[in-house]
Amino acid sequence: MEYPFEKIERKWQTKWSEEKLFQAKTDKDKKKYYVLSMFPYSSGALHMGHVSNYSIADALTRYYLMKGFNVFQPMGYDSFGLPAENFAIVNNTHPQTATEDNIKIMRGQFDRVGFGFDWSKELSTSRPDYYRWNQWLFKRFYDKGLVVRKKAYLNWCEECQTVLANEQVEDGSCWRCDKQVVQKEMEQWFLKITDYAEELLDFSKVIDWPERVKTMQTNWIGKSVGTKIHFPVPDTDQVIKVFTTRPDTIFGCTYMALPPEHPLVVKWLEKDKDKPGYFNIKEFCEKTINTDRIERTSEDSPKEGVFSGHYCINPVNKEKIPIWITNYVLMDYGTGAVMAVPAHDHRDFAFARKYDLPMRIVIQNIEKDLDIRTMQEAYVDEGILVNSKQFDGMNSEASKKAITDRMEQEKTGEAAVTYKLRDWGVSRQRYWGTPIPIIKCDKCGTVLVPDEDLPVELPFEVEVGKTRQNPLTLAKEWLNVQCPSCGGDAKRETDTMDTFVDSSWYYARFIDTHNREEPFSKQKADYWLPVDQYIGGIEHACMHLMYARFFHKVLRDIGLLSSDEPFARLLTQGMVIKDGAKMSKSKGNVVEPLYMIDRFGADTCRVFMLFASPPDKDVDWNDEGIMGAFRFLNRLWRLVDSNADIIKQYAPKASEVPDNTLKDLRYSTHFTIKKVKEDIEERMQFNTAIAAIMEHLNNVTALKEPASLSENEKAVFSEACVVIPRILYFFAPHLAEELWEMCGNESMVHEAGFPEYCEKHIQKDTINYVIQIKGKVRGRITVPADTPDEEIKKQALEAENVGRYIEGKNVKKVVLVKGKLVSIVI
RNA sequence: GCGAAAGUGGUGAAAUGGCAGACACGCUGGAUUUAGGAUCCAGUGGGAGUAAUCCCGUGGGGGUUCAAGUCCCCCCUUUCGCACCA
């Protein structure tokens, strides 16, 4: 009843594996196509999102394989990280054991779906032969000055007991466990991604990335161009530098705003103990620093502050202005100081009104004169300068440059650029990650582990989860080492690397997984990279994808490869949705891929996932929907199964048959080839390609009793059937191979290549024209394809049902759209 | 608040400015019996009509055009991202 998918799928999976079909070899004479799906976390189970993602990638892999490309589609596991450690704690096992077990399970599941992965290049980031190169690269970054150790206020997750990068904080909560993140001052290792901020803004070297992702990264990097202005503190050698995008408002600056973390404020807190108001200031600073970051930086939290008792000098007019300590200035943006211009900035306005600080209008609105006494809000738009001495009368735009130029001459300021992007803190206070290859020696300070001592392996014998502490700090044998420099007693760095380091260059390791001498050979990198098509979820737009671009550029700059970008084309695939929500255990709407494969086969699952919606949109899973895909494959099976003899005998003869035999079916055959090719290559839209194949199958099965056809007709029928495996291969590869064999072929489908269509079979000799009158369809005619334009128009005017609309009316114009319609204007 | 994307039948969705709803699900009626989540046939946006045919219809309102789901302007809704960024 149902086609024997289980037997078929096992048979062809074995065959592909035996033939090493997907094992890629570096071959300069062949055009390469590197397809990569974001590798999964080693959770131990594939979910529908994976099946959807990998079905897209596999379709492309097999399509380009058929087209004769040297395709490469590797797979591996992102296997370091907190969940494994937490799992191990709960289940009283070891993260390594749990991870390796999970990988075995997942590999088994992958095999069931039959994806064309090159398993000879498999990697797993938690294995020393991978993470030793994390350490090696960390050292190269260090040598280049891209690793720094800084003290900073960092996002700390109490639940996970670790620091998080800004990118890993979502709405103030940990991206892993959802617990509120707190601020904690710590010393950390940072990678200087900000050194590459400018280049990361440049997307000219990628071929095709979604605009959305480019915009998200651009906003995240947050470049702004402005001026740095120096405000000296009288009677000291202190200078407060501020960054502003509005130097045109400098004459309106009536106070200086500093955050409590500002070094000057910290200094004052130490030495001003006897000054009046000290207690107040100290209390305010402590309260503000301890306020939750989200609460403090939320736009609608009230602006508060306290006068510091100190003043500074506005360099343009030498005015003495008070310095306020405030809760609305951030230490880690710009210079950590703001020149407050209440008349022209919303925040400063609110603050000045609250504390009754002076305001001065220096930008006049061209349309409506501003008046301090009546202003309800700051005027933040640009305008004409007033109260600005020699700059009066200039417009904002011109004055920005003029004022900055003047400051540069007087050495009181300079043009400057700042970014929102912060350096990437990579230290994690947890066990299950790459050890940072650093030794701390009391005598020599920070010493790098020599290359020949890499990898620094994670000690296996640790007490994971016994305390809240990082187990590495308790692993005495591992922790205590000799300093490589002086030979004295020293200790290892116990922080491990953020797992995003692992995924920042794995696409490059894949091309040379087993290289023991270097992370990958440059020669191979220059052939295989960049990845031609990268596929994964949008959630990585500002994290993984940006880190990987950063890494790639550094790899280039240290001479390991030559390309500028890691991923030439990026597809962000949608999520799998069920009952209006993302599948998740907590919602109880999870569909297990293995259950579906058991019931309907891997091919049906793939076809359904690809058919349900275009790849970049969410897929709506519904249990009825998959039946449609299953019925389609069954109908196809029955067609070939019951006509195999005819197809075997007559398929080779199709090209010799007169063109007019079963013309419509022939048209369907060749048109479908064209449609599938264009949908994949030009639009990467698999749902319409599959719909076209379904439609073609409907056309073929509309022909009843093929056995009673004439010889020529049998040949055309056979051609129509035998083409299907070749255009279905990348969606339902197992069934396609089987059908192809049933049709009498000994080769595998990809060897036959993607079929060519014949232009002459998709030419129609009669054409249907729609006749529109005032934009509405009022009739139709069928004319021979070679009918002259004038004749078509003439016939259109005479057509049935048209007469009653144009009778007695003046026909002003007749528009002919060749091959489509005639529009009559009356 | 700022920015981006989207809004089409009962459902998932199709439509280089050119017949809106391909393909599929679901549903209705019929055939068949092997009673399976089977197969086959017919129908299926709303309304009027025996029918030919006609009217209405792509979130709402304007506009451009012989012709608009598609292009332009305004508005509404939803989703996503950013959010005191000086």
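The values are calculated or read from the model by the stated rules, or taken from the named source; none is laboratory data. Note that the structure is predicted; figures quoted are calculated from it, not measured. Because the Cβ atoms are built from the backbone with ideal geometry, glycine has one as well, and the counts that use them run over all protein chains shown. Quick note on the areas: whole protein, heavy atoms, side chains included, nothing else; ligands and nucleic acids left out. Shrake-Rupley method; radii C 1.70, N 1.55, O 1.52, S 1.80 Å.
Against the longest alpha carbon principal axis of chain A, how many degrees, from 0 to 90 and to the nearest 10, is the axis of helix A:663-681 turned?
Its long axis makes an angle of about 20 degrees.
With a/c under 1.5 counting as rounded, go ahead and sort segment A:1-136 into rounded, prolate or oblate using the C-alpha gyration tensor (a ≥ b ≥ c being the square roots of the eigenvalues; past the cut-off, prolate if a/b is larger than b/c, else oblate).
oblate
In percent, what relative contact order does segment A:326-442 have, based on Cα pairs under 8 Å that are 6 or more apart in sequence? It would help to have the intermediate numbers written out before the result.
Values: 110 pairs, mean separation 20.1, N = 117.
So the answer I get is 17 percent.
I'd like to check one number: the per residue accessible area of chain A, probe 1.4 Å, reported in Å² as a whole number.
On the way: 37690 Å² over 826 residues.
With all protein chains present, chain A gives 46 Å² per residue.
Report in % the part of the accessible area of chain A that belongs to carbon and sulfur, leaving out ligands and nucleic acids; probe 1.4 Å. Let's see the in-between values first.
Details: 18160 of 37690 Å².
Here it works out to 48 percent.
Could you go through segment A:328-334 in sequence order and give the Karplus-derived ³J(HN,Hα) for each residue, using 6.51 cos²θ - 1.76 cosθ + 1.60 with θ = phi - 60°, rounded to whole Hz, and x for Gly and Pro?
Karplus values, whole Hz, x for Gly and Pro: 9, 9, 9, 5, 9, 10, x.
Going highest first, how would you order A:132-141, A:754-763 by mean Cβ packing within 10 Å?
Values: A:132-141: 21.3, A:754-763: 15.2.
In descending order of packing, they fall as A:132-141, A:754-763.
In terms of the ratio Rg/(2.2 N^0.38 Å) built on C-alpha atoms, what value belongs to segment A:397-546?
Details: Rg = 22.7 Å, N = 150, 2.2 N^0.38 = 14.8 Å.
Here the Cα radius of gyration is 1.54 times the empirical estimate.
What's the center-to-center distance, using Cα atoms, between segment A:202-247 and segment A:79-128 in Å?
41 Å
If Lys and Arg each add +1 and Asp and Glu each add -1, what is the summed charge of the other residues whose beta carbon sits under 10 Å from the beta carbon of residue A:739?
Details: positive: A:726; negative: A:641, A:737, A:738, A:741.
Taking every Cβ under 10 Å from that of residue A:739, the sum is -3.
What is the mean projected area of the alpha carbon convex hull for segment A:662-769, to one decimal in square nanometres?
Working: hull surface 31.1 nm².
Seen from a random direction, the Cα hull of segment A:662-769 projects 7.8 nm² on average.
Ranked from the most accessible area to the least, with a 1.4 Å probe and all protein chains present, what is the order of A:243, A:520?
Details: A:243 25, A:520 5 Å².
The most accessible residue leads, giving A:243, A:520.
At 222 nm, what helix-only mean residue ellipticity would chain A give, in deg cm²/dmol to the nearest 500, using -39500 (n - 2.57) for each DSSP H run of four or more? Don't jump to the answer; show the numbers that get you there.
Numbers: 27 runs with 304 residues, N = 826.
So the calculated ellipticity at 222 nm is -11000 deg cm²/dmol.
Is the C-alpha gyration tensor of chain A telling us rounded, prolate or oblate? Criteria: a/c under 1.5 is rounded; beyond that, a/b larger than b/c is prolate, otherwise oblate. Don't skip to the end; give the middle numbers.
Numbers: a/c = 2.75, a/b = 1.49, b/c = 1.85.
It is oblate, given that a/c is not under 1.5 and a/b is not larger than b/c.
Got the relative contact order for chain A handy, in percent, Cα pairs under 8 Å and 6 or more residues apart? Please report the intermediate quantities before stating the final value.
Details: 1440 pairs, mean separation 112.2, N = 826.
So the answer I get is 14 percent.
How large is the charge dipole for chain A, taken about the Cα centre, if only the Cβ atoms of Lys, Arg (+1) and Asp, Glu (-1) carry charge, to the nearest 20 debye?
Numbers: 111 positive and 123 negative charges, 213 e Å.
Dipole magnitude for chain A comes out near 1020 debye.
With the Cα gyration tensor of segment A:224-418 giving a ≥ b ≥ c as the square roots of its eigenvalues, does the rule (a/c under 1.5 for rounded; else a/b larger than b/c for prolate; else oblate) give rounded, prolate or oblate?
Details: a/c = 1.82, a/b = 1.42, b/c = 1.28.
Cα axes put segment A:224-418 in the prolate bin.
Quick one: if the Förster radius is 35 Å, what FRET efficiency do residue A:411 and residue A:211 give, using the C-beta to C-beta distance and rounding to 0.05? If you can, show how the numbers build up before the last one.
Details: r = 43 Å, r/R0 = 1.22.
It comes to 0.25.
Counting other C-beta atoms within 10 Å, and keeping those with at most 14, which DSSP coil GluC sites (Glu not before Pro) do you find in segment A:274-330?
Details: sites: A:283, A:286, A:295, A:299, A:304, A:319; in loops: A:299, A:304, A:319.
Those satisfying the criteria are A:299, A:319.
Before anything else, pin down the relative contact order of segment A:39-184: Cα pairs under 8 Å, at least 6 apart, normalised by residue count, whole percent.
Numbers: 146 pairs, mean separation 31.9, N = 146.
Here the relative contact order equals 22 percent.
Just list whichever of A:20/A:677; A:228/A:273; A:67/A:522; A:11/A:677; A:20/A:653; A:228/A:267 have alpha carbons separated by over 24 Å in the model shown. Intermediate results must be reported in sequence, preceding the final value.
Numbers: A:20/A:677 26 Å; A:228/A:273 31 Å; A:67/A:522 27 Å; A:11/A:677 28 Å; A:20/A:653 33 Å; A:228/A:267 22 Å.
Violating the 24 Å limit, Cα to Cα: A:20/A:677; A:228/A:273; A:67/A:522; A:11/A:677; A:20/A:653.
Does anyone have the angle between helix A:625-650 and the longest principal axis of chain A? Alpha-carbon axes, 0 to 90°, nearest 10?
40 degrees
For helix A:82-91, what angle does its Cα long axis make with the longest principal axis of chain A, in degrees from 0 to 90 and rounded to 10?
That helix lies at roughly 80 degrees to the long axis.
Short version: ³J(HN,Hα) in whole Hz for each residue of segment A:423-428, in order, from phi by Karplus 6.51 cos²θ - 1.76 cosθ + 1.60 (θ = phi - 60°), x for Gly and Pro, what are they?
Karplus values, whole Hz, x for Gly and Pro: 5, 8, x, 9, 6, 10.
Of A:296, A:406, which has the most accessible area with a 1.4 Å probe, and how do the rest follow in descending order?
On the way: A:296 35, A:406 90 Å².
Reading off the accessible areas and sorting them downward yields A:406, A:296.
For residue A:542, tell me the accessible area in Å² from a 1.4 Å probe, rounded to the nearest 10.
20 Å²
Please report the accessible area of residue A:637 (heavy atoms, 1.4 Å probe, ligands and nucleic acids excluded) in Å², nearest 10.
40 Å²
Put A:28, A:774, A:303 in order of accessible area, largest first, 1.4 Å probe: what do you get?
So the residues, ranked largest to smallest area, are A:774, A:28, A:303.
Taking +1 at the Cβ of each Lys and Arg and -1 at the Cβ of each Asp and Glu, which of A:297, A:380, A:247 sits farthest along the dipole of segment A:242-390 towards its positive end, judged by Cα position relative to the Cα centre?
Result: A:247, furthest along the dipole toward the positive end.
Counting only the heavy atoms of the protein chains, how much of residue A:694 is accessible to a 1.4 Å probe, in Å² to the nearest 10?
40 Å²
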